[in-house]
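One structure is given here, and the rest of the page talks about it.
The values are calculated or read from the model by the stated rules, or taken from the named source; none is laboratory data. No experiment lies behind these values; they were computed from the predicted model shown. Note: ideal-geometry Cβ built from the backbone for every residue, glycine included; neighbour counts use all protein chains shown. For the accessible areas, the whole protein counts, side chains as well, though only heavy atoms, and no ligand, DNA or RNA atoms are used. Shrake-Rupley method; radii C 1.70, N 1.55, O 1.52, S 1.80 Å.
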Amino acid sequence: MPVRFFSSISVKWKIYLIAIVSIIGFGSYLAFNVWINTKNTDLLTDVRDTYFPILEKATANGVRLERIGELFNTAVLTGEIEYLKSAEKTADTMNGDFNTILNLEPIKKHDIKSIQQTFANYYEVAKSIAEEMATGEADFTTISQRVSEKEALLTTLVSDLETFREYSHANFSGNIDAANKNSEFMLTSGFIIWAVSILILTMTVYTIARLILGSIVSVSKSLHSIATSGDVAQNIPVNSNDEIGKLTKSFNELMDKLRERTNDLMSMMQ
């Protein structure tokens, strides 16, 4: 079927077909690369603009939470209120980062709001305990219960923060892994596309070259046979419908006319 198809088209389009196959192969490879690179760009953009900042702020808030606990303990031990002010600044920074995370990851609004509320409850209880003990105004009849409440809130807060940090890390590393897998897929599939394109182009060039050269060689041999034998009665076989085939038909028609005129001349001479 392919040979019959190539035999039916002109030499001009046979040559054009080589260029067309090359363009299609290169275009397919280029389009595939653009598609994969676009996907990787989107993934890495999400990592840069969303998942890395979220992971960074979630991790920083975990460190700040520990810092706030240390500041409260120092204030109680030294009786210095300045440490409570430092704790308040740290808490404000934490709330600011929570709000930033909320803007970056609105689908986790419920979880973030829950963490913020737990932090607010913990901070309120922990600050009141530290302030009362630093100033010597603590109510020791309720201090034990309030410390237990504080520790329970801190445990819940640390657990929730760690869970959210793990979620952020999973998104961050997941996008990096997806980009790496896309790159590996691009290399493998790109090589396959390249190999298939080269194979199709090689087969196309080989088939077209064989047909064109075969027609030319066939015509050349037939003409040589007619010239050496002097037998004008034989026709040149027509192997294609392209320009070479049309030339062969025209030559055969010329030879037919020549034979008719020769026969007429011989009849007149007789």
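Restricting attention to region 167-199, and to residues there that are within 25 Å of Tyr29 (Cβ to Cβ) and polar (S, T, N, Q), which single residue is surrounded by the fewest Cβ atoms within 10 Å (Cβ to Cβ)?
Thr188
Is it true that some residue in region 45-55 is open to solvent by less than 70 Å² (accessible area, probe 1.4 Å), closer than 18 Å to Asn171 by Cα and without any contact (Cβ under 8 Å) to a residue 12 or more places away in the chain?
In the first step, residues of region 45-55 are kept if they are open to solvent by less than 70 Å² (accessible area, probe 1.4 Å); the result is 45-47, 50-51, 53-55.
Retained after the next criterion (residues that are closer than 18 Å to Asn171 by Cα): 45-47, 50-51, 53-55.
Filter once more, so that each one left must be without any contact (Cβ under 8 Å) to a residue 12 or more places away in the chain: 45.
Yes, some residue in region 45-55 is open to solvent by less than 70 Å² (accessible area, probe 1.4 Å), closer than 18 Å to Asn171 by Cα and without any contact (Cβ under 8 Å) to a residue 12 or more places away in the chain.
Six or more apart or on different chains, Cβ atoms under 9 Å: show the pairs whose first residue is in region 76-96 and under 12 Å from Thr135 (Cα atoms) and whose second is assigned to a helix (DSSP H, G or I) and polar (S, T, N, Q).
Gly79/Thr135; Glu80/Thr74; Ile81/Thr135
Could you list, in sequence order, the residues of region 1-26 that are of a type in the set (Ser, Thr, Tyr) and at pLDDT 75 or above?
First pass over region 1-26, keeping only residues of a type in the set (Ser, Thr, Tyr): 7-8, 10, 16, 22.
Once the filter is applied, which keeps residues that are of a type in the set (Ser, Thr, Tyr) and at pLDDT 75 or above, region 1-26 yields Tyr16, Ser22.
Which condition from (1) more than 40 Å from the chain's Cα centre (by Cα); (2) surrounded by fewer than 16 Cβ atoms within 10 Å (Cβ to Cβ) is the one that Arg146 breaks?
(2)
So if I check each of Gly245, Gly230, which one is farther than 30 Å from Thr38 by Cα, open to solvent by less than 40 Å² (accessible area, probe 1.4 Å) and either at pLDDT 75 or above or not aliphatic (A, V, I, L, M) (or both)?
Working: Gly230 fails: open to solvent by less than 40 Å² (accessible area, probe 1.4 Å).
Only one candidate passes the filter, namely Gly245.
Since Glu132 meets every condition but one in (1) open to solvent by 70 Å² or more (accessible area, probe 1.4 Å); (2) among the charged types (D, E, K, R); (3) without any contact (Cβ under 8 Å) to a residue 12 or more places away in the chain, which condition does it not meet?
With (1) open to solvent by 70 Å² or more (accessible area, probe 1.4 Å); (2) among the charged types (D, E, K, R); (3) without any contact (Cβ under 8 Å) to a residue 12 or more places away in the chain applied to Glu132, the lone miss is (1).
Six or more apart or on different chains, Cβ atoms under 8 Å: show the pairs whose first residue is in region 248-270 and closer than 24 Å to Ile216 by Cβ and whose second is surrounded by 10 or more Cβ atoms within 10 Å (Cβ to Cβ) and of a type in the set (Gly, Ala, Ser).
That search, which allows pairs on different chains as well, returns Thr248/Ser215.
If you go through region 105-114 one residue at a time, do you hit one that is farther than 21 Å from Asp177 by Cα, free of Cβ contacts under 8 Å to residues at least 60 places away in the same chain, acidic (Asp, Glu) and open to solvent by 80 Å² or more (accessible area, probe 1.4 Å)?
Our first condition is that a residue be farther than 21 Å from Asp177 by Cα; within region 105-114, this holds for 106-114.
Within this subset, residues satisfying the condition of being free of Cβ contacts under 8 Å to residues at least 60 places away in the same chain are 106-114.
Filter again for acidic (Asp, Glu), leaving 111.
This time we only want the ones that are open to solvent by 80 Å² or more (accessible area, probe 1.4 Å), so: none.
Among the residues of region 105-114, not one is farther than 21 Å from Asp177 by Cα, free of Cβ contacts under 8 Å to residues at least 60 places away in the same chain, acidic (Asp, Glu) and open to solvent by 80 Å² or more (accessible area, probe 1.4 Å), which makes the answer no.
Yes or no: Ala60 more than 21 Å from Arg146 (Cβ to Cβ), open to solvent by less than 60 Å² (accessible area, probe 1.4 Å) and either in contact with a helix residue (DSSP H, G or I) (Cβ under 8 Å, 6 or more places away or on another chain) or aliphatic (A, V, I, L, M) (or both)? Give the derivation first.
On the way: more than 21 Å from Arg146 (Cβ to Cβ): yes; open to solvent by less than 60 Å² (accessible area, probe 1.4 Å): yes; either in contact with a helix residue (DSSP H, G or I) (Cβ under 8 Å, 6 or more places away or on another chain) or aliphatic (A, V, I, L, M) (or both): yes.
Yes, satisfied.
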